[in-house]
Structure formats: structure tokens, C-alpha cells
Amino acid sequence: PRVCVVGSGPAGFYTAQHILKHHGGALVDIYEKLPVPFGLVRFGVAPDHPEVKNVTNTFTQTARSGRCGFYGNVTVGRDVTVPELQQAYHAVVLSYGAEDNRVLGIPGENLPGVYSARAFVGWYNGLPENQDLKPDLSCETALILGHGNVALDIARILLSPLQLLRKTDITDSSLAALACSKVKRVWLVGRRGPLQVAFTIKELREMINLPRTRAVLDPSDFTGLESAVKDASRPRKRLTELMIKTALEKPVAMQAGAAAPREWGLKFQRSPQEVLPSADGRRARGVRMALTHLEGSGDSARAIPTGDVEELECGLVLSSIGYRSLPLDPAVPFDSQRGVIPNSSGRVEGVPGLYCSGWVKRGPTGVIITTMNDSFDTAQSLLEDLQSGVLDISPSREGFGLVESILHSRGVRPVSFSDWEKIDAAEVARGKVAGKPREKIVDPAEMLRIIGH
């Protein structure tokens with residue numbers, strides 16, 4: 001069987017890995033629109049979390065397997081269509097993730113000074129499409145809308161001492177911008193309460209322990225929570241206890257002459273209503289929030305506006321309310337309400353031989369391990385369909401042979417995995433000079449020049 005996987009992030013690689021491991025004869029080709037692999041492991045994971053990026057070692061082993069092909073610099077839906085892939089392969093798995101962000105849908109969200117978390121993370125992580133972002137960091141207060149791990153990542157990057165960031169693979173240009181940043185206070189705002197935050201204890205602890213930075217949590221936000229959290233799951237209980245402990249701790253007195261500390265805090269039960277423009281209307285100067293009360297409890301609690309509002313002054317607004325998948329090809333069914341491909345255990349509804357895994361299958365939630373299990377689940381469905389004969393492999397399929405001639409006729413030159421390894425070596429060499437694990441190349445044209453395309 002010839003299988004094609006669209007997308008080379010964790011979902012794509014884990015799907016390929018599982019198929020190759022459990023079917024001794026399968027051939028798997030992975031297609032990626034960028035010249036470089038690994039998706040959000042490269043462009044989403046925070047630069048100061050190098051241990052999370054170690055999964056690329058496993059992915060590299062998969063790509064180097066004799067039964068796996070990697071074709072970067074190929075945009076499925078434009079350079080080659082899904083129906084064309086279906087003619088070339090016995091099965092096609094869509095694992096292309098979520099390349100858009102959810103919008104706030106409030107007045108002022110397009111003002112200068114307002115950015116999506118996705119674009120901001122892409123900027124400091126070297127995602128080519130976000131390289132010209134040039135965020136304005138000339139204000140003292142930043143406001144992040146959202147209480148997830150991405151929101152904490154951004155707060156940490158904004159407030160981290162430069163000497164910590166200099167040792168990471170953060171891009172050169174964003175390091176230069178952060179060196180001139182005036183931001184010293186970051187508020188993370190959520191519509192619901194402390195029991196509904198979506199970040200995890202590891203990320204919270206890192207934020208609390210950030211050098212020369214203090215946490216500002218209001219003890220009154222946590223009144224009565226000890227009893228409310230008694231029946232919660234252990235992770236939720238430990239997370240809430242850490243927030244309560246931090247809220248009640250007395251601030252440590254700074255030594256005389258020490259630089260004024262940077263600070264961050266969590267604000268709860270506030271829903272953004274409008275980004276407020278400066279007097280000249282040219283940029284954001286704050287956000288008007290509706291205060292909310294909660295109906296229901298636990299994860300299903302809903303935030304209902306009370307009628308009261310408050311304004312928070314800030315010059316930088318980052319919206320971290322979630323990523324969103326987009327439809328890839330008219331031939332593929334898509335639920336635009338939920339932002340996913342309708343499927344059952346990864347089998348795309350109504351299209352035999354078409355599968356999906358990762359965020360485009362279940363929505364943009366969870367960590368790499370969640371995606372791994374989800375991808376194994378899709379791969380398992382595909383293997384079962386092979387075994388039961390639902391997937392007919394009697395007609396021979398040409399795989400990349402057919403796709404290559406299509407791409408050639410359209411003037412598209414794919415990038416191989418050994419091409420990527422040349423780009424990788426160039427990045428690592430540049431990083432060495434700067435004392436970093438790598439210096440990411442952010443311009444696709446430069447990537448292609450390095451491999452002589």
C-alpha cells in the first residue's frame with residue numbers, strides 16, 4: 001500500500017511512524033508546504049523549552065526509513081490537489097493542523113498594537129509568514145487575552161531576562177526587538193475563573209519562578225476555592241493550590257538599588273468588549289472588559305456579563321483564544337463551524353480512503369502526547385481498513401512518481417529530507433557562532449538557495 005500524509009508536524013510524523021511500524025510493506029510519503037519539516041515543534045514550542053523539541057529525533061528516524069519519503073516546498077490544494085493525490089496513493093491522510101487563529105470579533109481588534117498569539121509566536125519562532133510582524137514593544141503594559149499555555153509562553157518570553165533567551169533558538173531579529181522592549185508588566189485575562197484556566201502546572205511554576213519577576217495574584221479571586229477544589233482532579237487541585245499559595249505570599253523586598261521588578265498577573269471573569277483607540281485613533285491604548293459571573297461549575301461553567309465594565313490601560317494586546325483549521329481543498333468535506341474535517345476515528349465522512357489526524361481532526365487542543373495518541377488512532381483505522389479489504393490495494397498506484405510529473409509540469413521543485421538536513425546543518429553552524437543551539441533561517445528563498453534550488 002502507498003500512503004500519503006499531508007503535513008509534517010507531530011500529527012503527520014506520528015501517523016507515518018505508526019503505519020510503518022505496524023505494516024511491514026507500506027510506503028509512506030509526507031508532503032509539507034514549507035521547505036522545512038516538524039510544524040509546531042519547530043514553530044510553536046517555546047524557544048526556552050528545548051526538551052520538548054527532542055521528538056524531532058524520532059521524526060528524523062522515521063523520515064530516514066527506506067520506506068518513507070519527505071517532500072517539502074509542496075502546497076497541497078495549490079501545487080497538487082487532493083483528488084490528484086488520491087489517484088497516486090491508496091490512502092491519503094490529512095494532518096495539516098491549524099494555520100489560522102480565532103478572531104475576537106470586537107471593535108478595535110485591527111488597531112496597530114493588537115496581534116494574534118499565533119502570529120506573535122510565529123514571529124519569535126521564525127515562521128516565515130510572520131517575519132515582518134515588527135510588534136511594537138514600546139509600552140510598559142501588555143495584555144494577553146487567554147489563560148492557556150500559549151498565553152503563558154508569550155508572557156514568559158516578554159518578561160524573561162535576555163541572558164536566558166540568548167541561549168535558545170529564538171530568532172535573531174526578535175531577540176533584538178526584545179532587547180529594546182519597554183514591556184515590564186503583563187496581565188493575562190480570562191472570561192472565567194481560576195478553576196477554568198487551561199494552562200498546566202509546569203508552565204505556571206516556570207512563570208512564578210522567572211528571575212527578577214513577581215507574580216501579582218489577588219487573594220480575593222481565590223476565596224473559598226480550597227473547598228470547591230476538593231473533588232476536582234489531582235492536576236486541577238495542585239494547579240489551584242499553587243495559584244492560592246502564590247496569591248497569599250508576601251512580596252519579597254527588593255534589595256536597595258535593584259532594578260524595579262517586572263511583574264505579571266492573572267485577571268479573571270473579564271470578557272473583552274472593545275480595544276480602545278488612542279486619542280489620535282492610530283493605535284491601541286487599552287481594552288474595555290465586561291465583568292462576568294459564572295453559571296455552572298467546573299469545565300462547563302459559562303461566563304455571563306454582569307453589566308459592569310472596566311478599562312485596562314495597555315499598549316500591546318495579544319489575543320490567545322485558540323488556533324483554527326482552514327479547509328484545504330474543495331474535494332474535502334469541512335465543518336467550518338467547528339473548524340475540523342468531519343470524521344469517525346480519523347476516517348473522513350463519505351470519502352473512503354481519505355483520513356485525518358491531529359488538530360484538523362479534533363480541533364486545536366492538547367499537547368504533543370495528545371496528538372501522538374490521536375495520530376496512532378487514525379493510523380490504526382487505516383491499518384484496519386487495509387486488513388478488512390475496505391481499502392482496495394489491487395490497483396497499483398505510482399505514488400510520488402505520478403505526483404512528481406504533476407509538480408514538474410507546474411514548475412514546483414520539492415525539497416527532500418536530505419535537502420532539509422543541509423538547511424539544518426547551516427542553522428546549527430550559524431547558531432554555534434552565536435552560542436545558540438541554532439540560528440533559524442526565516443526566509444524560504446534563502447533556504448532554497450542553501451540547497452541550490
Worksheet item: Which residues, counting only those in region 123-138, are surrounded by fewer than 20 Cβ atoms within 10 Å (Cβ to Cβ) and in contact (Cβ under 8 Å) with a residue 60 or more places away in the chain?
Response: Pro128, Gln131, Asp136, Leu137, Ser138
Item to complete: Check off (1) open to solvent by less than 60 Å² (accessible area, probe 1.4 Å); (2) in a helix (DSSP H, G or I) for Gly452 and give me the number that stays unchecked.
Response: (2)
Worksheet item: Do you know which residues across region 8-37 are open to solvent by 10 Å² or more (accessible area, probe 1.4 Å) and within 15 Å of Asn73 (Cβ to Cβ)?
Response: Asp29, Glu32, Lys33, Leu34
Discussion item. Looking only at region 214-227, count every residue that is assigned to a strand (DSSP E or B) and under 18 Å from Thr306 (Cβ atoms) and tell me the total.
Written reply: 0
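Based on this model, can you work out whether Leu276 counts as assigned to a strand (DSSP E or B), of a type in the set (A, V, I, L, M, F, W, C) and either at pLDDT below 95 or under 23 Å from Val114 (Cα atoms) (or both)? Talk me through it step by step, then tell me what you get.
Numbers: assigned to a strand (DSSP E or B): yes; of a type in the set (A, V, I, L, M, F, W, C): yes; either at pLDDT below 95 or under 23 Å from Val114 (Cα atoms) (or both): yes.
Against the criterion (assigned to a strand (DSSP E or B), of a type in the set (A, V, I, L, M, F, W, C) and either at pLDDT below 95 or under 23 Å from Val114 (Cα atoms) (or both)), Leu276 qualifies.
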Worksheet item: Does at least one position in region 92-114 carry a residue that is out of contact with any helix residue (DSSP H, G or I) (no Cβ under 6 Å at 6 or more places or on another chain), open to solvent by less than 10 Å² (accessible area, probe 1.4 Å) and closer than 30 Å to Pro211 by Cβ?
Response: yes
Practice prompt. Counting only residues that are open to solvent by 30 Å² or more (accessible area, probe 1.4 Å), give me the strands (runs of 3 or more DSSP E) lying completely in region 300-409 with at least 1 of them.
Written response: 302-313
Practice prompt. Can you tell me which residue among Leu159, Leu242, Leu164 is assigned by the TED database to the domain that holds Leu266, modelled with pLDDT of 95 or more and buried (at least 16 other Cβ atoms within 10 Å of the Cβ)?
Written response: Leu159
Response to the item:
Scanning region 24-41 residue by residue, those in contact with a helix residue (DSSP H, G or I) (Cβ under 6 Å, 6 or more places away or on another chain) and either outside any loop (DSSP other than H, G, I, E, B) or over 21 Å from Gly126 (Cα atoms) (or both) turn out to be Ala26, Val28, Asp29, Ile30, Val41
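Restricting the search to region 410-449, which residues are assigned to a loop (DSSP other than H, G, I, E, B) and polar (S, T, N, Q)?
Ser416
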Worksheet item: Are any residues in region 380-415 among the charged types (D, E, K, R) and more than 22 Å from Thr15 (Cα to Cα), and if so, which ones?
Response: Glu404, Arg410, Arg413
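The values are calculated or read from the model by the stated rules, or taken from the named source; none is laboratory data. If you're wondering where the values come from, they're calculated on a predicted model, not measured in any experiment. Positions of Cβ are backbone-derived with ideal geometry, glycine not excepted, and every protein chain shown enters the neighbour counts. Surface accessibility is based on the protein's heavy atoms, side chains included, excluding ligands, DNA and RNA. Shrake-Rupley method; radii C 1.70, N 1.55, O 1.52, S 1.80 Å.
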